[in-house]
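The values are calculated or read from the model by the stated rules, or taken from the named source; none is laboratory data. Not measured: the values here are computed from a predicted model. Every residue, glycine as well, gets a Cβ built from its backbone with ideal geometry; the counts of neighbours run over all protein chains shown. Protein only, heavy atoms only, side chains kept; ligands, DNA and RNA dropped before computing areas. Shrake-Rupley method; radii C 1.70, N 1.55, O 1.52, S 1.80 Å.
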Amino acid sequence: MELERLSDEELLVAARDTPRAFGAFYRRHVHAVQGYFRRRVFDVETAFDLTAETFAAALRAVPRYEPRPEPARAWLFGIARNTLSDALRRGRVQDRARRALAMQPIVLDEADVATLELLAETPAVEAMTSLPDDQRAAVMAHHVDGESYAEIAQRLACSESVVRQRVSRGLRTLRTRLEEGR
């Protein structure tokens, strides 16, 4: 089976019986999850720990995963959001999922730290800061945090079409600014 050709949803279903399928899912999304955490916490090691705990929790949840209309990436970022929320509430990163899977802690070297720093300093991240607040919030919620349009609309107490319009305008503005910066 050519794992890299499978959709995220297919990888997660296959991961129930084929551990390599989860590895393919991990490789596909690890940098996005690291970037998500790196932009939200001040410490590179904490971002790395949160990433590891997110994927450990996702691996533990694979047997319960059911494909839905939302992308599997939204499921993963929901786990990431909960992991971050839990860490902020407790004041530290929990490692219960990693320990439950008997995974050893990972030690970062200088190259790992440099890579994580780079994830937080891309031109796209800089361009995001120049968007109007409503567009930036909608783009971040949908494309970074993995929330559905319905979830964002409910949280912001507006219609899904308003959220879609904000995301569309924000992405169009980002694309223009990034193309101008070349």
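Here are a few things to note about the model shown:
- Extending 7 Å from Cα along the Cβ direction at THR18 and again at ASP43 yields two label points whose distance is 3.9 nm.
- Over the stretch 1-61, accessible surface divided per residue gives 49 Å², non-protein components excluded, 1.4 Å probe.
- Span from the the stretch 58-87 Cα centroid across to the the stretch 1-56 one, whole angstrom: 10 Å
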